[in-house]
Amino acid sequence: MTDPVIVCENLWHVYPGDILALQEANLTINAGEILGVIGQNGSGKTTLVKHFNGLLKPTRGKVLVKGVDTAGKRIQQLAKDVGYVFQNPNHQLFARTVEAELEFGPRNLGVPEKEVIERREKAIEFFNLQELRNHHPYRIGFPLRKLVGMASIYTMHPAVFILDEPTTGQDNVTTRTVYRLIHKLRDEGSTVVCVAHDMILLAEVVDRMIVLRDTRIIADATPREVFSNRELMQSTHLLPPQVTELSLRLKAEGKLPEIELSVNDMVAGIASHLAK
Amino acid sequence: MRGAIIPITMVPGHSIIHKIAPLPKLLIAGGVLIISFATRNPAILGGMIVVGMLLVAISNIWKNFLKVIGVLFPILLTLIAIQSVAPAFPRPWTPIVPFGPFTIYQEGIYSGVTMVLRAVAMTIFALVAIMTTHPSDLFASLQKVGMPYVLNFILTMTLQLIPILQKEFATVLSAQKSRGLKGTGFGAVLPSMVPVFVGAIERVQQLSISLESRAFGSSGVKTSYRSVKMGAKDYILMLLGTAASCGVLYWIIVDKSLDWSRTLVFAPWLAILLVSVAGLGFLTFAVIALKYVLSA
């Protein structure tokens, strides 16, 4: 059994002005797990994940990161274990060059200079930023700027990656890089928490999904289970990926044995069915 | 995060002050501004502060008002500490008492105290006007009295942008802390200031394009979404406000005895107490503010 890396125990959060944003959240995220967080705007997704690196502190209940209560920890202390990629890269980037941006995080963590350079180079290669390394982050387009934001957290090598809407505003090329990033993090044994409205992304990459509605976690299951639960999807006004919707209808008519989450799986499923 | 925001914006309410039209409030705030700059008499300035506090109590804007004053007042206290030992006043200076390596001067401490009272009086009335008036009503009223549309728009937009920028700064600071930002010195603030300024510039650029595309620069009379009605009580208030401001101003000009800079003598113990409290007050605020910024 894998170790829990993040545990929420009866977590509540109330913003100033008595605005209830999250209630009775109980959740355990195991090491190496890829978790998707979905729900309508205002359901409490971002509020929940902001507790994981101490950006928010529980109003009631507790959050444990690697067994340590976040209540007594500063964000800077938690940054070593939990990396948060903000939805808007403009909130993160400030340095004069992409290279300096990627070096900022590991330097803050006290990583030796040689390793900082190694991490920077690996990130530049992975995110395909070779031609932009000396550019000012604000002089490159938004999709690439967003990749720089992700790369700046990637160089910190946190055990847990939180990606807030990683594919929003991205073109096809940079979206594929996000897919590659999540697969790579999975291979490296990192834990990934992905808040997204992009159901195609989640269907393809996550192991498990939690669904929030009106500040509560109302479901915790595999993507297949979540997407095939019509009542749950309708009550949260969420739509499964088109390919999943298609397979759901075909299965309902007895034309397909399984619900498929991706185009490749769908093609394989249909081919297998036709071969019979 | 949200607690760090200084709320210089309207506090919704139904008080009698909220019901007054924006123009009388602006006129009275303007009158206080002129009187504050015209006099150095602590009694007049203190009187205006008392009246201002009464308005704060009536309009029930304590929470937001105290947040703003809580930040502003300790900063203003530095005026007393600095002015006391280095007066912005023509020599000769009258020494009161030595204070460590410095000397506290009569003219300096008087100057510092009046500067603080002046700033507090102006701020209170300005905050009452802003916190009890809907920004759009302010915009419509100023337009009504012939303020140029563009200038009016700039003023209103600036007021509306302040809380947005404050929120943005809190978000950016969180993002930098998430990257392990070490919180000491100017170097720590820079990573947060750059995105806020860049964001502000980008926002202004987008706003200007958006405005142009919605015929902002077109000529002719502009209409307003909100209409502000002026009642008899508003005209009476304007009349009274103008009369009171002119009356006090006339009194300040003709009555030379209102200058207490050499007659209001500060006892050595009082001078030391004032300067110490001012210095310590500011230092305490600076330490608390720094601790707040650095704490996650």
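Does A:Leu102 satisfy the condition of being within 12 Å of chain B (Cβ to nearest Cβ) and either among the aromatic types (Phe, Trp, Tyr) or closer than 22 Å to A:Tyr179 by Cα (or both)?
Working: within 12 Å of chain B (Cβ to nearest Cβ): yes; either among the aromatic types (Phe, Trp, Tyr) or closer than 22 Å to A:Tyr179 by Cα (or both): yes.
Spelling it out, A:Leu102 is indeed within 12 Å of chain B (Cβ to nearest Cβ) and either among the aromatic types (Phe, Trp, Tyr) or closer than 22 Å to A:Tyr179 by Cα (or both).
The helices (runs of 4 or more DSSP H) falling completely within segment B:15-112 that include 2 or more residues that are of a type in the set (A, V, I, L, M) and over 16 Å from B:Ile124 (Cα atoms) map to B:22-38, B:62-85. Only residues that are surrounded by fewer than 18 Cβ atoms within 10 Å (Cβ to Cβ) and within 11 Å of chain B (Cβ to nearest Cβ) were counted in segment A:43-68, giving 1.
Residues checked against (1) closer than 22 Å to A:Glu188 by Cα; (2) surrounded by fewer than 19 Cβ atoms within 10 Å (Cβ to Cβ); (3) not charged (D, E, K, R):
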position: A:Gly72; (1), (2), (3): no, yes, yes
position: A:Leu78; (1), (2), (3): yes, no, yes
position: A:Val98; (1), (2), (3): no, no, yes
position: A:Glu118; (1), (2), (3): yes, yes, no
position: A:Gln130; (1), (2), (3): no, yes, yes
position: A:Pro137; (1), (2), (3): no, no, yes
position: A:Ala151; (1), (2), (3): yes, no, yes
position: A:Phe161; (1), (2), (3): yes, no, yes
position: A:Thr167; (1), (2), (3): yes, no, yes
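Has segment A:175-196 got any residue that is within 29 Å of A:Asn229 (Cα to Cα), β-branched (Val, Ile, Thr) and within 14 Å of chain B (Cβ to nearest Cβ)? Looking through segment A:175-196, at least one residue is within 29 Å of A:Asn229 (Cα to Cα), β-branched (Val, Ile, Thr) and within 14 Å of chain B (Cβ to nearest Cβ).
Screening B:Lys177 on (1) touching a residue at least 40 places away in the same chain (Cβ under 8 Å); (2) more than 9 Å from chain A (Cβ to nearest Cβ); (3) not acidic (Asp, Glu) shows it passes everything except condition (2).
Please count how many residues of segment A:199-223 are within 22 Å of A:Arg176 (Cα to Cα) and of a type in the set (Lys, Arg).
Residues of segment A:199-223 within 22 Å of A:Arg176 (Cα to Cα): A:199-209, A:223.
After this cut, where a residue has to be of a type in the set (Lys, Arg) as well, the list is A:208.
Final tally of qualifying residues: 1.
Residues considered: B:Ser218, B:Ser224. Of these, the only one that is part of a loop (DSSP other than H, G, I, E, B) and touching a residue at least 12 places away in the same chain (Cβ under 8 Å) is B:Ser224. I'd like the full set of residues that are within 22 Å of A:Phe94 (Cα to Cα), crowded, with 17+ Cβ neighbours inside 10 Å and away from chain A (no Cβ under 14 Å), limited to segment B:130-172. Passing the criteria: none in range.
When we screen B:Ala175, B:Ala200, B:Ala188 for residues that are surrounded by fewer than 19 Cβ atoms within 10 Å (Cβ to Cβ), among the aliphatic types (A, V, I, L, M), under 25 Å from B:Lys67 (Cα atoms) and at pLDDT 80 or above, the only hit is B:Ala200.
The values are calculated or read from the model by the stated rules, or taken from the named source; none is laboratory data. Note that this is a predicted model, so its numbers are computed, not measured. Note: ideal-geometry Cβ built from the backbone for every residue, glycine included; neighbour counts use all protein chains shown.
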